[in-house]
Structures are given as structure tokens and as C-alpha cells.
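Student: Please find one structure pasted underneath; my questions will follow.
The values are calculated or read from the model by the stated rules, or taken from the named source; none is laboratory data. Here the structure is a predicted model, which means the values were calculated and not measured. Positions of Cβ are backbone-derived with ideal geometry, glycine not excepted, and every protein chain shown enters the neighbour counts. The accessibility values were calculated without ligands, DNA or RNA, using every heavy atom of the protein model including side chains. Shrake-Rupley method; radii C 1.70, N 1.55, O 1.52, S 1.80 Å.
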Amino acid sequence: MGLAKVKSVPRLTPEEYLESERESVERREFLDGRIYAMAGESLSHSRICTNLSGEVRSSLRGKPCEPLSPNMKVRTSSASLFAYPDLTIVCGDPQFHDRKKDVLTNPRVIFEVSSPSTATYDRTTKFQKYSMGNETLTDYILVSQDRPFVEHFRRQSDGNWLYRSLSELSDIVEIVDIDCILRLEEIYERVEFEPEAEIEGTERAF
């Protein structure tokens, strides 16, 4: 989902942002003191989010982890980022920023559905904030909305992240630590794409 910087607003503290956000009719994210309005979603984005939510819920049924909707804010430990992931998985008891219980601080898995305009931001700045600011986070998964393409970042025991990309509808996303398996053909059900060249899946550590 796209972001647009809110103009004529000075840098805010995290608490100032939360006070303002809780009174706002629009969802806005917080990054290093700045507020960014979230744009409306496309049909493809909506379908992917709905598919993801259903498949994750089904895969986790009866297990100690659960999916949370895009309306749940997630905060990094440094409070430099407050965001609305497209889907969040939490395991065990959810932990929150304050008594309002609307800002999660212990995400296990985060999904972002990326558009061409947000892909770079999701893959760089946002990933850096999430990965360095949430010790509980084990998996960060980007799902492209304009082509079958999923990027899976998985934290290793040494703290480095393993990267794997998937581009075939027959491919499977396996979130090992929480015993969750997702099929691209189900993630992209009913989603229509413009024809383009195939992109081969790759895997590397960094």
C-alpha cells in the first residue's frame, strides 16, 4: 500500500503520533518523527491480503500462533517506526506498547503486500527498521501485487538473514519456526497480472 508524507507537520514524538493517530479517521504510519498517510488499496492488493489472511489462519489453526489484521499497529523497539503491516503473526501472549493494546511489540512474522511504488521502501528502509528493531521477528515476507513474486527474509541463529525469492505459482512459502506452509497459487487466487518475463527464484544469505 502506498504512502504519502503528510505536509506541514513538524517532527513528532512517538507519543504525540499515537495521540494524533488514535483520533484520526485515516491510518498513518510513523517513521523517524514523520507521519505518512496510507493510500487506498487496489483490487489486487485487497485480494492478496484476503487470501493471505485466510490461508494463514487455516494453517495456524490449533497452533500457538495467530494472524492479526492490517488494523493492528506494530512498533519497533526503538519506537522509530509505527506501521500497519498487511498481516502480522504473533505467537504466545501478545505484548503491547501501552494499555490501549493497539500497538503490538512482539511480532513473529510480518507480511507486506508491495506495489511498484512501495517495493523498494518495503525491501530496504522498512525491512531494516523491522529487522533491527524487533528481536522477536523471525520472518519478513514481501508479496508483490503486480506479478507472482514473493521475497522471504528469514532470521538465522547467527542473526543474519537468509533471503529466498519465489516466482512460480507452484512454489511454497514455508515458515519453518511456526509450522506454516503457504502456496503461491492460493496467495494469488483470482489475482490478474499483466504478461511479463519470468523471474527465476533465488536464495542467498546476507
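Student: With the crude spin-label approximation of a point 7 Å out along Cα→Cβ, what separation in nm comes out for Arg22 versus Lys100?
Tutor: 0.4 nm
Student: Could you order Arg164, Arg11, Arg147 so the one with the most accessible surface comes first? Probe is 1.4 Å.
Tutor: These residues rank, largest area first, as Arg11, Arg164, Arg147.
Student: If you roll a 1.4 Å probe over the heavy atoms of the protein chains, what accessible area per residue do you get for the chain, in Å²?
Tutor: It amounts to 52 Å² per residue over the chain.
Student: Hey, another quick one. Need one number: % antiparallel among DSSP beta bridges in segment 30-180, to the nearest 5.
Tutor: Antiparallel bridges: around 75 percent, rounded to the nearest 5.
Student: Are there chymotrypsin sites (Phe, Trp or Tyr not before Pro) in segment 75-178 that DSSP marks as loop and that have at most 10 other Cβ atoms within 10 Å, and which are they?
Tutor: Here no loop site has a sparse enough neighbourhood.
Student: With the full set of protein chains in place, find how many percent of the accessible area of segment 1-113 is carbon and sulfur; take the probe as 1.4 Å.
Tutor: 47 percent
Student: Which whole number of Å³ per residue matches the convex hull of the alpha-carbon atoms in segment 14-118?
Tutor: Hull volume over Cα atoms, normalised by residue count, gives 108 Å³.
Student: Please state, as a whole number in µm²/s, the translational diffusion coefficient that the Stokes-Einstein equation yields for the chain at 25 °C and 0.890 mPa s, with Rh defined as the Kirkwood radius across alpha carbon pairs.
Tutor: Answer, rounded: 140 µm²/s.
Student: Given R₀ = 22 Å, FRET efficiency for Ser80-Ala37 by Cβ-Cβ distance, to 0.05?
Tutor: 0.75
Student: Something else about it: Please determine, in degrees from 0 to 90 and to the nearest 10, the orientation of helix 43-60 with respect to the longest principal axis defined by the Cα atoms of the chain, where the helix direction is its Cα long axis.
Tutor: 80 degrees
Student: Report the extension gain between Ser170 and Glu66 in nm, rounded to one decimal, defined as 0.36 nm multiplied by the number of residues separating them, less their alpha carbon distance.
Tutor: 34.9 nm
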